[in-house]
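I have placed the structure first, in the form of structure tokens, so that the comments after it can refer back to it.
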Amino acid sequence: MLIIPLSGKISWRNPPLVTCCMIALNVLVFLGIQSGDEKRYEKALTYYFESGLARIELARYVEHVRGTGTLPGRLERLNPESWSLVTLQHLYIIMNRDDRFQKSLALGRVIGPEDPEYDIWKPLRDRYDEDLSRVVFMRYGFRPAFASALTAFTHMFLHGGIGHLIGNMVFLWLAGCVLELGCGRLYYTGLYLLGGLIAVGCFALFNADSVAPLVGASGAISGLIGAYTVTYGRRKIRVFYSLGFYFNYTRLPAVLLLPVWIGNELVMLFFGGASQVAYLAHVGGLLGGALIGLVNVRYLGWRDDEVFGEKAGDRIRSLTEKAQECMKKVDLEGARPVFRQILELDPENRYAMASLYQIDKLTPGQVRFHDTASRLLMHLLPLEQDREELHRVYMEYVRIARPPRLPSSLLFRLCTVFSGGPHIGESEKILAALLKTSPGLKRLPPSLLNLARAYGRQGNNAKAGRCLKILRRVYPDSPEARMAADMLKKLT
């Protein structure tokens, strides 16, 4: 499944560069630098058990915990000389859970120079430590018992397995794109690193003696998820998703990423197998990131609320799809407000105008039908190629309107357009109707004169003369009447 947050700011010229670099770095470290780590670690463990080192250290551990109930009674009663490899491996697993003993052992406090076995143990331990130092996650993972500033940063780019890596990179992409483009690259980079440090600090606080390495970008990503939830939790973010055979766009609440992340953590915790990943540290990263996000929202203001807002074009497309679905279901009452929303965003959207007209003409007695027809006619007026469509819509309107209620300004413009083509007769009808209903309109005299001239150009002197006579009779004192007198003389 592929999920991509969409923003007007994302383009080939303006990609989420830091997020892409972070993902690339994590992948390259895992596939390149960490490549072969499993074999190197197995080699170190093989040496540990075959060299006799395991028998020495595990014997000391059994002695250390004898009588505490840490070990099953049968193991306490066994003679170390009789331990099988399976027994050694079993004891090793138990010993690895004892952080304090592991730390003391590694620091040479369990077997010191005064110990009779020291001269045997020390070179074996040095060789084992040298083998472990070649294991990348052991060398650069964060180990609280031997904490360093370097490993506090390097642990963020190491992973315990391919599943661990893929899960982290998916969430890094989802949260990273939003935060990088919404809050800026500088803030985003600082948030990633600081979130990782807070996570590692939380891990160290509760595991101060641990020699096991903490690895993974999960702590840093937890910080991103926390900041993401606080910054954009209430907003809906448009995403593209693909299921391989199906893809679409949708809008999802940003806060939805939080329970998905928590769900992923629980799955990894219970089904991810034994890996050196400290899920408690993620809680610290999550809370730390949320606090940083809160400071940003309230005080810094490094947030573009509209970065993932739906652009007008995208909104129109989604509304158009919604309206079409309503039309397919013959839900005209549901489609009408959707078409009106489209026209609010795009007043010249012909598809919405024409569709709204088709819906409203079913109820010609409603005032909205006349408004819808007027809007569509006004849209069709300016373009020469729309003349026939203009005439068709007008004739249909006049036929079904009860009665027609177009504004006079629109009627005069229709007269002008119709008088210049094959539909000149409609101009005459419009003016005749206006002379009956509104003879006082100032635009009637010039419109009658223009109609007479249009008939004259067509060679229809009879109709031209009739228009001129009406003009002189109804508006005798107008300038157009005097011009009409001169034109009549020429016609006769």
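We did not get these values from a lab; they are worked out from the coordinates using the rules stated. Not measured: the values here are computed from a predicted model. Note that each Cβ is placed from the backbone with ideal geometry, even for glycine, and that neighbours are counted across all protein chains shown.
Rank by packing, highest mean first: peptides 316-325, 436-445, 342-351, with packing defined as the count of other Cβ atoms within 10 Å averaged across residues.
Values: 316-325: 17.1, 436-445: 13.1, 342-351: 14.9.
The densest-packed peptide leads the list: 316-325, 342-351, 436-445.
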In straight Cα distance, which lysines are under 16 Å from K103, not counting same-chain residues fewer than 8 positions off?
-> K122
Per-residue ³J(HN,Hα) for the range 456-467, Karplus 6.51 cos²θ - 1.76 cosθ + 1.60, θ = phi - 60°, Hz, x for Gly and Pro = x, 5, 7, x, 9, 5, 5, 6, 4, x, 5, 5
Which of Y92, Y394 has the fewest Cβ neighbours within 10 Å, and the rest in rising order = Y92, Y394
Along principal axes, Cα extents of the range 419-492, largest first, whole Å = 30, 27, 14
Using unit Cβ charges (K, R positive; D, E negative) and no other charged atoms, how large, in debye to the nearest 20, is the dipole of the range 384-492 about its Cα centre?
-> 460 debye
Which label belongs to the value computed from this structure, given these candidates for Cα Rg over 2.2 N^0.38 Å: (1) 1.77; (2) 0.98; (3) 1.21?
-> (1)
Could you list C177, C467 in order of exposure, starting from the residue whose Cβ has the fewest other Cβ atoms within 10 Å?
-> C467, C177
Links that overshoot a 32 Å alpha carbon limit, given the list K329/K429; K236/K329; K429/K489; K429/K490; K442/K463; K322/K361 = K329/K429
Based solely on its DSSP helices, what 222 nm [θ] is calculated for the chain when runs of n ≥ 4 H residues each add -39,500 (n - 2.57) and the sum is averaged over all residues, nearest 500 deg cm²/dmol?
-> -20500 deg cm²/dmol
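What is the order of I111, I198, I225, I94, fewest Cβ neighbours within 10 Å to most? Provide the component values of the computation, followed by the final result.
Values: I111 19, I198 24, I225 28, I94 16.
So the ranking, lowest neighbour count to highest, is I94, I111, I198, I225.
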Peptides ranked, highest mean first, by Cβ atoms within 10 Å: ranges 420-432, 284-296, 199-211 | 284-296, 199-211, 420-432
Rank by packing, highest mean first: peptides 410-419, 477-486, 48-57, with packing defined as the count of other Cβ atoms within 10 Å averaged across residues.
-> 410-419, 48-57, 477-486
